[in-house]
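Note sheet for the following structure.
The values are calculated or read from the model by the stated rules, or taken from the named source; none is laboratory data. In this text the structure is predicted, and so the values were computed from the model without any measurement. Cβ placement follows ideal geometry from the backbone for every residue including glycine, while neighbour counts extend to all protein chains displayed. Surface areas here come from the heavy atoms of the whole protein model, side chains and all, with no ligands, DNA or RNA. Shrake-Rupley method; radii C 1.70, N 1.55, O 1.52, S 1.80 Å.
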Amino acid sequence: MIGVLQMEFSHKPVIFEQTIDSLNVRTEGIYLDGTAGGGGHSSGILEKLGANGRLICVDQDPDAIGALTARFGADSRVTIVRSNFSRIPSVIEELGIAALDGVLLDIGVSSHQLDCSERGFSYHSDAPLDMRMSQSGTTAAELVNTLSYGELVRILSVYGEERFAKNIARAIEREREISPIETTLRLAEIVKSAYPAAKRHDKHPARKTFQALRIAVNGELDVLDKGLDGAFSSLKTGGRLAVITFHSLEDRMVKQRMNKWCEGCICPKDFPVCVCGRKPSGRLVTRKPVTADEAELAENPRSRSAKLRCIERTGKIYI
């Protein structure tokens, strides 16, 4: 089983070279891949580490832990931890590590999770409506069948940026009264039926609904919010945080947080001199998000929405 998992996870990760370069890996540094998956980016970090370097691979998905163990279990430089990247400060404390030279976060669903139909992330094949990255907790089916109309509208509008959230929520309400909505294809058909006919062929009508439910099931924005602060605070001065996002909600949060860390003086503009003494906590390594080039887009269409941002810690973090 582990061999199969390793094979399924062996795809090349998005924006690979740019991501590894952005971390400026030091040969004897300590790095943490907070969303290690099958170890694609982790392998790039390891290639640059020397014999005394260290890599902590963190993932909440037991399938990923199996693949990581098969791939790196014999490497003494690697520590594999099943956890969520929102717990980075606790993870390194438990390992006796004071601070990190770099952290990588590749946010969102992995290719393995999408391609493994029984995980319920995809609207292209029929499977139980699950979507749990950790394979524990509340499923998407439970949300779809129990949330109120208003809460469904909120989730679809906020997390999916879905224009037709009200139509879809009404359709879900009607259909679940007939029988529980338990599979991916049934939900996809319900969403499609709620879409205006003229809009059904632009992109798959269920795309935004599935995104919204996945974010809700896994608490992704809350995890990202906590994870960004934890990752940045765990860096040494000179350490770097690289984050890859795949939709605008995530990218906006990362951009705003990094810009905030780069702010210096917060005194009123009419003050003749600074009295707050506040200095920037970081500097942007990437002024603009790094995206996939044409060659990568041709090889891996899923990289189209990927954006990489990177920041280097330069000093004290202000609460």
Give me the distance in nm between label points sitting 7 Å out from Cα along the Cα-to-Cβ direction at residue 154 and residue 273, one decimal. 5.0 nm
Let me spell out the model: positive unit charges on the Cβ of Lys and Arg, negative unit charges on the Cβ of Asp and Glu, origin at the Cα centre of the stretch 98-239. What dipole size does that give, in debye rounded to 20? 520 debye
Dipole in debye (nearest 20) - the chain, about Cα centre, beta carbon charges: Lys, Arg +1; Asp, Glu -1: 1160 debye
Quick one: check the C-alpha center-to-center distance for the stretch 151-165 versus the stretch 265-316, whole angstrom. 29 Å
Dimensions (Å) - the stretch 11-68, Cα atoms, principal axes, largest first: 29, 24, 14
What residues have an amide H closer than 5 Å to that of residue 103, excluding those fewer than 5 places away on the same chain, when H is modeled at 1.01 Å from N in the peptide plane? 32, 240, 241, 242
Along the stretch 205-219, Karplus-curve 3J(HN,Hα) (6.51, -1.76, 1.60; θ = phi - 60°) to the nearest Hz, with x for Gly and Pro, reads x, 7, 4, 6, 5, 5, 4, 4, 5, 4, 5, 5, 4, 9, x
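Quantify, in whole percent, the carbon and sulfur part of the accessible surface of the chain (1.4 Å probe; protein heavy atoms only). Provide the component values of the computation, followed by the final result.
Numbers: 7530 of 15150 Å².
Taking all protein chains in place, the chain shows 50 percent carbon and sulfur surface.
What ranking, highest mean first, results for peptides 33-40, 255-262 when packing means the other Cβ atoms within 10 Å averaged over each residue?
Working: 33-40: 26.6, 255-262: 16.8.
Result, highest mean Cβ count within 10 Å first: 33-40, 255-262.
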Among 100, 194, 83, the residue whose Cα sits farthest towards the positive end of the charge dipole of the stretch 82-218 (+1 at Cβ of Lys and Arg, -1 at Cβ of Asp and Glu, taken about the Cα centre) is 194
Amide H within-cut-off set for residue 235, under 5 Å, with H built and near neighbours excluded: 100
Roughly how many nanometres apart are two label points built 7 Å out from the Cα toward the Cβ at residue 201 and residue 161? 2.5 nm
Which whole-Hz couplings ³J(HN,Hα) result when phi for each residue of the stretch 46-58 is put into the Karplus expression 6.51 cos²θ - 1.76 cosθ + 1.60, θ = phi - 60°, listed in order with x for Gly and Pro? 4, 4, 9, 7, x, 5, 9, x, 9, 10, 9, 9, 10
Using semi-axes √(5λ) of the Cα gyration tensor in Å as the read-out, say which of (i) 35, 26, 17; (ii) 30, 23, 20; (iii) 114, 36, 14 was calculated from these coordinates. (i)
I need the Kirkwood Rh of the stretch 196-316: take the reciprocal of the average 1/r across all distinct C-alpha pairs and report it in angstrom. 17.0 Å
Whole-Hz Karplus ³J(HN,Hα) for the stretch 70-77, in order, using 6.51 cos²θ - 1.76 cosθ + 1.60 and θ = phi - 60°, x for Gly and Pro? 5, 7, 10, x, 8, 8, 5, 7
For residue 74 paired with residue 135, estimate the spin-label separation in nm (one decimal), with each label point 7 Å from Cα along the Cα-to-Cβ line. 2.4 nm
Accessible-area value, residue 19, 1.4 Å probe, nucleic acids and ligands omitted, Å²: 0 Å²
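Leaving out ligands and nucleic acids, and using a 1.4 Å probe, what accessible area per residue does the chain come to in Å²? Don't jump to the answer; show the numbers that get you there.
Numbers: 15150 Å² over 319 residues.
Heavy-atom SASA per residue in the chain reads 47 Å².
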Checking the cross-link filter: which lysines have an alpha carbon closer than 28 Å to that of residue 226, excluding same-chain neighbours under 8 positions apart? 12, 208, 236, 255, 260, 279, 288, 307, 316
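Under the rule of -39500 (n - 2.57) per DSSP H run of 4 or more residues, summed and divided by the residues of the chain, what mean residue ellipticity at 222 nm is obtained, to the nearest 500 deg cm²/dmol?
Working: 14 runs with 137 residues, N = 319.
Result for the chain: -12500 deg cm²/dmol, rounded to the nearest 500.
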